[in-house]
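Beneath this line is the structure, given in structure tokens, with notes to follow.
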Amino acid sequence: MAEMLCLSFEEVEGLARDALLAAGTREVAAASLARSVALTERDGIRSHGLVYVPIYCQHVTCGKVDGQAVPKLHEIKPGAVRVDAANGFAQPAIDLGFERLADAARQNGCAVLTLYNSYNCGVLGQHVERLAAQGFLALGFTNAPASIAPPGGKRPVIGTNPFAVGVPGGDDSAALVIDQSASVVAKSEVMMHARSGKPLPEGWALDAEGNPTTDPEAALAGSMAPSGGYKGFGVGLLVEIMAAALSGANLGTEASPFSGTSGGPPGTGQGFIAIEPDGLSGGAFPGKIAALCKSITEQEGARLPGARRFGNRRKNEGDGISVDRELVEKSRALAGA
């Protein structure tokens, strides 16, 4: 059993930042990505937290990510914003785009942001929650290297392709956050099973011949299982359109893997929509959302989407964040500490 250490948010953030800086990431980008990693660990989503820092550093070193990239913003129309991530990390490019997206949404009632020449954006729900905390109903889409074959096919065409929805709840917070991928689980979960030599639960993946498998290595050489069969593939296709086609980014079939060192920058994309709900609903939106949430929470055993991460957040903010010692030591080694 792994030995765990209890760290503060700032300690996790510092570990990630120092490792990224040592790898050759510019300060603004390292700070943005490190904060994202710490937020992820705080919310108990370990598959996208510190475990990814060695991969991020490796990708800066090998050139899969340009650690010195400076994203460039283009305002296409008053409610349409586009950001070239310049083959750098997604987080600083999203930070840049969100500044203009929020202003545009307030001015127009709705605004759209696309990003291209981008990279893995981490936990997508984290980004739409930021917009929800500012009062926007937010939708997010991000595509990934192909890992899901179409129903009846064997060759992956789309990635795990998450979509996310952030719903404002007042008091600078989100009432709920929906964040789900087109696959049964995120590919990072399969990668974690492969690293630990653990078999996969049934129903997670298919091998290269399209047969169900519990072997993580066979799954990585085959296809992730779409959530809900053909319906999950349809959701992933929607995300491919909103994140890659709409932004002009690489399709999943054109993108290099997020893991390993083969290929150049993935060049994937993201799409975000921010909507001011009060005007469109005639002021009824807050009450409708409160009633909708109550209809779920008043049922014993029912849980709002996002409730688990909110619960982890409250606990970890009070007790500290539990982190695998091996990951801590690896991050310190990468930072030269």
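The values are calculated or read from the model by the stated rules, or taken from the named source; none is laboratory data. In this text the structure is predicted, and so the values were computed from the model without any measurement. Cβ placement follows ideal geometry from the backbone for every residue including glycine, while neighbour counts extend to all protein chains displayed. To get the accessible areas, we keep the full protein, side chains included, count just its heavy atoms, and leave off ligands, DNA and RNA. Shrake-Rupley method; radii C 1.70, N 1.55, O 1.52, S 1.80 Å.
For segment 290-329, how many residues meet the condition of being open to solvent by less than 30 Å² (accessible area, probe 1.4 Å), in contact with a helix residue (DSSP H, G or I) (Cβ under 9 Å, 6 or more places away or on another chain), outside any loop (DSSP other than H, G, I, E, B) and small (Gly, Ala, Ser)?
Total meeting the criteria: 0.
Within segment 20-49, take every residue that is within 25 Å of Arg195 (Cα to Cα) and of a type in the set (Val, Ile, Thr) and give me the one that is surrounded by the fewest Cβ atoms within 10 Å (Cβ to Cβ).
Filtering first and then ranking leaves Ile45.
Looking for something among the polar types (S, T, N, Q), open to solvent by 30 Å² or more (accessible area, probe 1.4 Å) and without any contact (Cβ under 8 Å) to a residue 24 or more places away in the chain - is there at least one such residue anywhere in segment 186-209? Full working, then the answer.
Within segment 186-209, the subset among the polar types (S, T, N, Q) is 188, 196.
Add one more test, that the residue is open to solvent by 30 Å² or more (accessible area, probe 1.4 Å), and what stays is 196.
Imposing the further condition that a residue be without any contact (Cβ under 8 Å) to a residue 24 or more places away in the chain reduces the set to 196.
Checked segment 186-209: at least one residue is among the polar types (S, T, N, Q), open to solvent by 30 Å² or more (accessible area, probe 1.4 Å) and without any contact (Cβ under 8 Å) to a residue 24 or more places away in the chain.
Residue check: is Val53 assigned to a helix (DSSP H, G or I), closer than 24 Å to Ala333 by Cα and touching a Ser or Thr at 6+ places or on another chain (Cβ under 6 Å)? Write out each step before concluding.
Values: assigned to a helix (DSSP H, G or I): yes; closer than 24 Å to Ala333 by Cα: yes; touching a Ser or Thr at 6+ places or on another chain (Cβ under 6 Å): yes.
Judged against the criteria, Val53 is a match.
Condition first: under 18 Å from Leu96 (Cβ atoms), out of contact with any Asp or Glu (no Cβ under 7 Å at 6 or more places or on another chain) and of a type in the set (A, V, I, L, M). Now tell me which residues in segment 21-34 satisfy that. Reasoning before the result, please.
Within segment 21-34, the first condition is being under 18 Å from Leu96 (Cβ atoms), and the residues that meet it are 25-34.
Right, trim to out of contact with any Asp or Glu (no Cβ under 7 Å at 6 or more places or on another chain) and you get 25-31, 33.
Val28, Ala29, Ala30, Ala31, Leu33 - these are the residues of segment 21-34 that are under 18 Å from Leu96 (Cβ atoms), out of contact with any Asp or Glu (no Cβ under 7 Å at 6 or more places or on another chain) and of a type in the set (A, V, I, L, M).
In segment 261-286, what residues are farther than 18 Å from Val128 by Cα, open to solvent by 50 Å² or more (accessible area, probe 1.4 Å) and not in a loop (DSSP other than H, G, I, E, B)?
Selection gives Gly279, Leu280.
Could you grab me the full set of residues in segment 128-155 that are in a loop (DSSP other than H, G, I, E, B) and closer than 30 Å to Ala104 by Cα?
Residues of segment 128-155 that are in a loop (DSSP other than H, G, I, E, B), as a first pass: 133-136, 143-147, 149-155.
Within segment 128-155, Ala133, Gln134, Gly135, Phe136, Asn143, Ala144 qualify.
Taking Val60, is it open to solvent by less than 40 Å² (accessible area, probe 1.4 Å) and within 18 Å of the chain's Cα centre (by Cα)?
Numbers: open to solvent by less than 40 Å² (accessible area, probe 1.4 Å): yes; within 18 Å of the chain's Cα centre (by Cα): no.
In short, no.
Might you check whether a residue that is touching a Pro at 6+ places or on another chain (Cβ under 7 Å), of a type in the set (Ser, Thr, Tyr), open to solvent by 50 Å² or more (accessible area, probe 1.4 Å) and not in a loop (DSSP other than H, G, I, E, B) occurs anywhere in segment 213-227?
No, there is no match, as no residue in segment 213-227 is touching a Pro at 6+ places or on another chain (Cβ under 7 Å), of a type in the set (Ser, Thr, Tyr), open to solvent by 50 Å² or more (accessible area, probe 1.4 Å) and not in a loop (DSSP other than H, G, I, E, B).
Based on this model, can you work out whether Leu5 counts as of a type outside the set (Phe, Trp, Tyr), assigned to a strand (DSSP E or B) and surrounded by fewer than 24 Cβ atoms within 10 Å (Cβ to Cβ)?
Yes: the conditions hold for Leu5.
In this structure, does Lys288 turn out to be basic (Lys, Arg) and free of Cβ contacts under 8 Å to residues at least 40 places away in the same chain? Explain how you work it out, then say what you get.
Working: basic (Lys, Arg): yes; free of Cβ contacts under 8 Å to residues at least 40 places away in the same chain: yes.
It is true that Lys288 is basic (Lys, Arg) and free of Cβ contacts under 8 Å to residues at least 40 places away in the same chain.
Filter segment 233-260 down to the residues that are in contact with a helix residue (DSSP H, G or I) (Cβ under 9 Å, 6 or more places away or on another chain) and open to solvent by less than 40 Å² (accessible area, probe 1.4 Å), then identify the one that is nearest to Thr61 (Cα to Cα). Lay out the reasoning, then the answer.
Our first condition is that a residue be in contact with a helix residue (DSSP H, G or I) (Cβ under 9 Å, 6 or more places away or on another chain); within segment 233-260, this holds for 249-252, 254-255, 258-260.
Filter once more, so that each one left must be open to solvent by less than 40 Å² (accessible area, probe 1.4 Å): 249, 252, 255, 258, 260.
Details: Ala249: 23, Gly252: 23, Ala255: 19, Phe258: 14, Gly260: 12 Å.
Here the answer is Gly260.
Looking at segment 253-280, which of its residues are among the small types (Gly, Ala, Ser), closer than 26 Å to Gln68 by Cα and in contact (Cβ under 8 Å) with a residue 12 or more places away in the chain? Can you show your working first?
Within segment 253-280, the first condition is being among the small types (Gly, Ala, Ser), and the residues that meet it are 255-256, 259-260, 262-264, 267, 269, 271, 274, 279.
Keeping just the survivors that are closer than 26 Å to Gln68 by Cα gives 255-256, 259-260, 262-264, 267, 269, 271.
Passing the criteria: Ala255, Ser256, Ser259, Gly263, Gly264, Gly267, Gly269, Gly271.
Every residue in segment 63-75 that is surrounded by fewer than 17 Cβ atoms within 10 Å (Cβ to Cβ) and either under 19 Å from Pro145 (Cα atoms) or at pLDDT 95 or above (or both), please.
First, pick out the residues of segment 63-75 that are surrounded by fewer than 17 Cβ atoms within 10 Å (Cβ to Cβ): 63, 68, 70, 72-75.
Scanning segment 63-75 gives Gly63, Gln68, Val70, Lys72, Leu73, His74.
Against the definition (of a type in the set (Ser, Thr, Tyr), assigned to a helix (DSSP H, G or I) and over 30 Å from Arg314 (Cα atoms)), how does Thr25 come out, yes or no? Even if it seems obvious, please write down each step before you answer.
On the way: of a type in the set (Ser, Thr, Tyr): yes; assigned to a helix (DSSP H, G or I): no; over 30 Å from Arg314 (Cα atoms): yes.
When the stated conditions are applied, Thr25 does not pass them.
Can you confirm whether segment 102-119 contains a residue that is at pLDDT below 95 and either open to solvent by 20 Å² or more (accessible area, probe 1.4 Å) or among the basic types (Lys, Arg) (or both)?
First, pick out the residues of segment 102-119 that are at pLDDT below 95: none.
Among the residues of segment 102-119, not one is at pLDDT below 95 and either open to solvent by 20 Å² or more (accessible area, probe 1.4 Å) or among the basic types (Lys, Arg) (or both), which makes the answer no.
Quick one: would you say Ala164 is part of a strand (DSSP E or B), closer than 28 Å to Phe136 by Cα, in contact (Cβ under 8 Å) with a residue 60 or more places away in the chain and small (Gly, Ala, Ser)?
Numbers: part of a strand (DSSP E or B): yes; closer than 28 Å to Phe136 by Cα: yes; in contact (Cβ under 8 Å) with a residue 60 or more places away in the chain: no; small (Gly, Ala, Ser): yes.
When the stated conditions are applied, Ala164 does not pass them.
Can you find a residue that is of a type in the set (Ser, Thr, Tyr) and surrounded by fewer than 20 Cβ atoms within 10 Å (Cβ to Cβ) anywhere in segment 162-180? Quick ask: steps written out before the conclusion?
Residues of segment 162-180 of a type in the set (Ser, Thr, Tyr): 173.
Retained after the next criterion (residues that are surrounded by fewer than 20 Cβ atoms within 10 Å (Cβ to Cβ)): 173.
So far as segment 162-180 goes, yes, one or more of its residues are of a type in the set (Ser, Thr, Tyr) and surrounded by fewer than 20 Cβ atoms within 10 Å (Cβ to Cβ).
Go through (1) within 21 Å of Ser47 (Cα to Cα); (2) of a type outside the set (A, V, I, L, M); (3) not in a strand (DSSP E or B) and name the single condition Asp95 misses.
So Asp95 meets the others, but not (1).
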